[in-house]
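The values are calculated or read from the model by the stated rules, or taken from the named source; none is laboratory data. Everything numeric in this text was worked out from a predicted model, so none of it was measured. Don't worry about glycine lacking a Cβ; one is built from the backbone with ideal geometry, like all the others, and counts go over all protein chains shown. Keep in mind that these areas ignore ligands, DNA and RNA; they rest on the heavy atoms of the full protein, side chains included. Shrake-Rupley method; radii C 1.70, N 1.55, O 1.52, S 1.80 Å.
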Amino acid sequence: MAKDSRRSRSSGSGRGDTGGRGTGRGTGDGGGDGTSSTGVREFEIVREFEVGSPPQQVWDAFTTVTGTGGWLWPMEYEPRVGGAAPHGAVVTAWDPPRRLTVRSEGPAALFAERSTNHLEHLIEPCDGGRRSWVRHAHSGIFTQDWENQYDAASKHTDFYLHTLREYLTYFAGRPVTYTHLDAPAAATAADAFTRLARELGLPTDASEGARFRLSAAGVDLDAVLDFRTPYFIGLRTDDALYRFFGRNHFGRRVGVTVHDFAAHADAKRAEPAWRDWLTRLYG
């Protein structure tokens, strides 16, 4: 089976548009050019970057419930080779604070379109251990709709790793309250994410780094726009990271995630407030 080896290396932006771009071939019952009528094809997504955090802090962000909840979603690992990993995966390398790899076979709990999934995180000290070089590698097999699945995975990788850097820079180690919601079914429409940005009050020409006073889900936000593409919006306040996902571009619903580091954070109160906001917007 041939593999797509598109790679990108980035020192900070995480946009995934600064590196080389390879080609991919499928496998299955397609023609002689290596394409596949079934859409089954391997993939590989690689990102490399430096962060101003020591290796142990980066390791904790990848492997602890508090750490993963601060930038991705709360996950727990059994800390040994052969141990249980999230979504039915197995730990295949556990070398703190340097290397973590996990692997799953068969459709994953979150990704039914993947038959194999492999993740590797490498962490090396820089500047006498005050900083870290990080390599994130994600590979596997998409079993359907390869181009769309690859595009979605690649773009999500860039946004998640940017959020990781925001977490490490501003909130590392702080307890977090995590909230995630998908919008109603109408949020798959082509203009769904544009409507969300408009509802937030973000100008179409708003640039990253600008500060705005916004209101959403009954909360007034004094926020920095830390990430903005047609597919994602990231807002950072003094106590939280607000992530907005334009998954309608990939055939799914718009989503909202809140990583709240405030001492008074309450997911039971935040979740219905965001659900009502999304329902009013798309209902």
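Points worth noting:
- Residue in the stretch 149-170 that is part of a strand (DSSP E or B) and surrounded by fewer than 18 Cβ atoms within 10 Å (Cβ to Cβ) present: no
- Any hit, the stretch 175-198, residues being touching a Lys or Arg at 6+ places or on another chain (Cβ under 9 Å), assigned to a strand (DSSP E or B) and either hydrophobic (A, V, I, L, M, F, W, C) or open to solvent by less than 60 Å² (accessible area, probe 1.4 Å) (or both): yes
- The requirement of being of a type in the set (Lys, Arg), out of contact with any Leu (no Cβ under 9 Å at 6 or more places or on another chain) and closer than 28 Å to Trp59 by Cα is satisfied by Arg174.
- Any chance His121 is buried (at least 20 other Cβ atoms within 10 Å of the Cβ), within 20 Å of Ala93 (Cα to Cα) and in contact with a helix residue (DSSP H, G or I) (Cβ under 9 Å, 6 or more places away or on another chain): yes
- Residue pairs meeting the criteria (Cβ under 7 Å; at least 6 apart or on separate chains; first at positive phi, in the stretch 95-107; second open to solvent by less than 80 Å² (accessible area, probe 1.4 Å) and part of a strand (DSSP E or B)): Gly106/Ser115
- Residue tally, condition within 19 Å of Thr157 (Cα to Cα), modelled with pLDDT of 95 or more and buried (at least 19 other Cβ atoms within 10 Å of the Cβ), over the stretch 39-61: 8
- Contacts under 7 angstrom Cβ, first residue in the stretch 255-275 being more than 20 Å from Thr163 (Cβ to Cβ), partner of a type outside the set (Val, Ile, Thr) and surrounded by fewer than 17 Cβ atoms within 10 Å (Cβ to Cβ), 6 or more apart: Ala273/Gly218
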